[in-house]
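What follows draws every value from the coordinates through simple rules; no lab data is involved. Remember, predicted model here, so these are calculated numbers, not experimental data. Don't worry about glycine lacking a Cβ; one is built from the backbone with ideal geometry, like all the others, and counts go over all protein chains shown.
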Amino acid sequence: MLTELGITMRELAPGKFARGHSQGKYDERPAHIVTISSVFRLSENPITFAQFERFKPGLRDELRKILRWSEENLAEYPEYEGHLGDNDPAVGVTWYDAVAFCEWLSRSSGITYRLPTEAEWEYAALRDEESGEALVSPRNGESSVEEWCLDWYGPYLPFEQTDPGGYRSGITKVTRGASNWQHASSRTRTNRMSFLPAARYPKLGFRIASGKPPATHQKDQPLELHELNVDQSKASWEKTSEDSPVFIPPVDFVRIPNDAQGPVFASHNHFPSITWCPNGDLLAVWFTDPGAGYTGEEGSQLNIAASRLRRGASEWEQASLFYAAADRNDHSASVWTDPEDGRMYHFQGTGSFPKQGNQILFMRTSQDSGATWSYPRIISDKRSMWNPHVVMKTRTGRLVVTSDFNFDQPMWGRIIVSKDGGRTWRQPEGKIVGQHPGIVELHDGRWLAVGRDNWNAEHEAIPGVGVPISISDDEGESWIYRREPSLGRGFNWRQRPVLIRLAEGPLLFVGFTDKWGTPDAEFVNGVDIIDQAGVCRKGFGMFAAISEDDGLSWTNHKLLTPGAESREYDGGGNTEWFTADASHAEPAGYIQAIQAPDGIIHLISSKLHYRFNYAWLRTPTISV
C-alpha cells in the first residue's frame with residue numbers, strides 16, 4: 001500500500017536525547033532526558049494531496065471553496081490559493097482528519113500507522129541535525145509546513161521519561177515544524193506550537209509514523225490557580241441600598257511577578273474582560289505577551305491570563321493561565337454570565353499567524369463558576385479579525401457578541417448572533433462604525449452600538465466630530481449612523497468604550513475626554529462637569545454619563561476619579577503611569593464594565609478595578 005501511494009518511510013534507531021531547551025521559551029523548559037526505547041519509522045515527507053485524496057477524495061475542491069475576510073479591503077477571497085498540486089503537502093486538514101487517514105492506511109495495509117509523538121518528532125529533528133540529512137527540519141520555513149503530532153499540548157515535566165505520549169486530555173494538540181507563517185525565532189528544533197484539533201489552516205499538514213505506541217501518558221493537566229478550590233455554593237448577592245453611594249478606590253487586578261516570562265508575562269497585559277460568577281466571585285481575563293521584543297500583540301506568543309477575586313477577598317489572586325494555543329495570536333477573550341441560569345461563556349479569537357486579523361472564533365461554557373469549562377467549539381472558521389469584546393442577551397433570547405472587523409481606517413466593528421442559545425451562529429451583513437464595539441438593546445427592540453474610530457472626522461460612513469453611534473432595527477443586517485458630541489470627541493488608540501444597561505434602567509456610558517499616548521495627545525478638550533460645590537468646570541480623562549431616554553440625551557457627566565488628593569497609578573497595558581486628582585482621571589485604557597446581581601458596577605481598565613453603584617453615579621464629581 002505504501003508503494004502504491006508513494007510513501008517512503010525512514011527508520012530511526014532507538015536512543016536517548018535531551019528534549020527541550022534550558023535557555024528556550026518557557027514551554028521548552030525544563031530540558032529533560034527522553035528515551036526512545038525501540039525502532040520507529042517516519043514518513044520522509046508530509047502526506048501529499050494525492051496521497052490523502054486516495055482516502056478522502058475532493059479535499060482540494062473543498063478547500064478551494066473556503067473563503068476568508070481581508071481586513072485591508074473587507075472583501076472575501078479564497079483562503080487556499082496555490083500550492084494545491086498532487087505533490088504538495090496536504091494542508092487544511094484537522095487533527096481528526098490526520099488520525100482518520102492513519103486508521104484508514106492501517107486497515108488497508110495491515111500495519112499500524114499513527115501520528116508521531118512530539119518526542120519522536122524532536123528526536124528525528126535532532127538526528128537530522130547530527131547527520132546533516134534533513135527529514136523533519138523546521139529551518140526551511142519557506143517550503144515547509146507545520147505538522148500535527150499525536151500529543152495533547154501541556155507543560156514539560158522535570159524528570160526523565162521513556163516513550164512519552166503527552167497528557168491524557170487537553171485543549172490543543174501539539175504541532176511541530178515551521179512555515180513562512182511563523183516568526184524566524186520559532187523555526188527551531190525545540191520550538192513548540194499547538195492548535196485546536198478541529199481547526200485547520202493553509203500551513204498545517206502531517207506525516208505518519210509506525211512503531212511501538214507511546215508507553216506513558218501524564219495523568220492530568222495541572223490545574224491553574226483560578227481553577228483551584230472554587231466554591232460551588234450560590235451567592236446570595238445582597239443588594240446595596242439605592243440611596244447609599246458606593247465608590248471603592250481602584251485596585252490592581254493584574255498581579256504578575258516582575259520577572260514572569262510565561263505562560264503569563266510581566267511585560268504586557270491588555271484587552272481585559274470581566275464577569276461575575278454564580279458563587280459570588282469575579283473572574284477577569286486578558287491577553288498577556290512578552291512585549292515588543294517578540295513583536296508584542298502582533299506576535300505569536302499571546303496567551304490568555306485570568307485572575308479571580310474570590311467572594312469576601314480584599315485583593316485579586318495572582319494571574320494564571322486561562323487559555324493558550326502555543327505560539328499563536330490568541331488576541332482577545334470575552335467572558336460573560338447569563339443572569340437567567342448562571343451559565344458562564346468564554347468567547348475567544350485564536351490565530352494561526354503572528355498577527356491579529358487571522359483568527360477563528362470559538363466558545364466554551366462553564367456551569368460551575370468557572371472551575372471547569374466545556375471543550376471549545378468553533379463558531380466561525382472564516383479566518384478574519386475575530387477580537388470578541390462584549391456579549392449581550394436580548395429580550396427575545398438572542399446572544400450577540402461584538403468584535404472588531406478591521407485594523408486600519410476606516411475602522412469597523414461587527415457582531416455575530418445566535419438565536420438558539422449558542423448552538424448555531426450567523427454574522428449579519430451590517431457593520432458598526434468603529435472598533436471595540438459596546439452594544440445595548442433599546443426599549444423598542446433596536447440595537448445601539450458605540451465604537452472607536454480614532455477621532456476620524458473623515459470616516460466614510462459618518463464624517464464629523466463626536467462618539468460614533470450605530471443603530472440597527474433589523475438585528476445587525478443594516479445600521480444607521482450618527483455622532484454624539486455630548487459624549488466627547490470619541491476614542492483613540494489605547495482606549496475602548498463601555499456601554500451597558502443598568503438594572504435600574506438607564507444606559508451607562510464610560511469614555512475618555514482626550515487622546516493619550518500619541519504625539520498629539522494632551523488634555524485640551526475635557527468634559528463639562530458640575531462638581532459638589534455646584535461649579536461647572538472641565539474634567540479630564542475617564543468619565544461616565546447616564547441616559548434615561550435610550551441614548552437620546554446624556555446627563556450626569558462625572559469623572560471616575562478616586563479622590564481630590566493627587567495620586568499616581570500604574571494603568572498597565574498601553575496606559576502606563578498617570579496622575580489622578582479632582583480634575584483628572586485615568587486617561588486611557590481598554591475598559592469593560594458589568595453590573596453584578598448586587599447592583600455594584602465593576603469596571604476594569606487595562607490593570608485597575610473600579611467599583612461603584614448607580615447612586616454614586618448620580619452624585620456630583622468631587623470639588624477641587
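For a paramagnetic label modelled on residue 477 (point 7 Å from Cα along Cα→Cβ), amide N atoms under 18 Å away belong, within the range 420-446, to 420, 425-432, 445-446. Between helix 95-109 and the chain there is an angle of about 20 degrees, using the helix long axis and the longest principal axis of the Cα atoms.
For residue 212, a cut-off of 17 angstrom between C-alpha atoms picks up these aspartates and glutamates, skipping any fewer than 8 places away in its own chain: 11, 103, 118, 120, 122, 151, 163. A crude spin-label estimate for the pair residue 460 and residue 180, with each label 7 Å from Cα along the Cβ direction, gives 2.9 nm. Counted by neighbouring Cβ atoms within 10 Å, the residues 448, 105, 559 run from fewest to most as 448, 105, 559.
With a ≥ b ≥ c taken as the square roots of the eigenvalues of the C-alpha gyration tensor of the chain, please select rounded if a/c is under 1.5 and otherwise prolate if a/b is larger than b/c or oblate if it is not? Cα axes put the chain in the prolate bin. Contact order for the chain, expressed relative to its length and based on alpha carbon pairs under 8 Å spaced 6+ residues apart, stands at 10 percent. Remark: the range 534-541, residue by residue, has Karplus-estimated 3J(HN,Hα) of x, 8, 8, 8, 8, x, 10, x Hz, where x stands for each Gly or Pro and the curve is 6.51 cos²θ - 1.76 cosθ + 1.60 at θ = phi - 60°. Shown is the FRET efficiency for residue 70 and residue 396, computed with R0 = 35 Å from the Cβ-Cβ distance and rounded to the nearest 0.05: 0.60. Suppose R0 equals 45 Å; then what is the FRET efficiency for residue 523 and residue 220 from their Cβ-Cβ distance, rounded to the nearest 0.05? Calculated value: 0.30. Between residue 169 and residue 86, the simple label model (points 7 Å from Cα in the Cβ direction) yields a spacing of 4.5 nm. Protection proxy ranking for 363-370, 397-404, using the average of other Cβ atoms within 10 Å per residue and placing the highest first: 397-404, 363-370. Fully extending the segment from residue 555 to residue 503 would add 17.0 nm, taking 0.36 nm per residue of separation and subtracting the current Cα-Cα distance. With a ≥ b ≥ c the root eigenvalues of the C-alpha gyration tensor of the range 321-408, is it rounded (a/c under 1.5), prolate (a/b larger than b/c) or oblate? Oblate, since a/c reaches 1.5 and b/c is not below a/b. Overall, the anisotropy analysis places the range 495-550 in the oblate class: the square-rooted eigenvalues a ≥ b ≥ c of its C-alpha gyration tensor yield a/c not less than 1.5, with a/b not exceeding b/c. Packing here is the average count of other Cβ atoms within 10 Å per residue, and on that basis the peptides 44-53, 585-594, highest first, run 585-594, 44-53.
Angle of helix 118-131 to the longest C-alpha principal axis of the chain, folded into 0 to 90 degrees and rounded to 10: 60°. Calculated mean residue ellipticity at 222 nm for the chain: -2000 deg cm²/dmol, from DSSP H runs with n ≥ 4 weighted as -39500 (n - 2.57), summed, divided by the residue count and rounded to 500. Close amide-amide hydrogen proximity is noted between residue 379 and 361, 362, 363, each under 5 Å apart and 5 or more residues distant or on a separate chain (H modeled in the peptide plane; Pro and chain starts excluded). Distance from the alpha carbon centroid of the range 396-430 to that of the range 19-91 works out to 30 angstrom.
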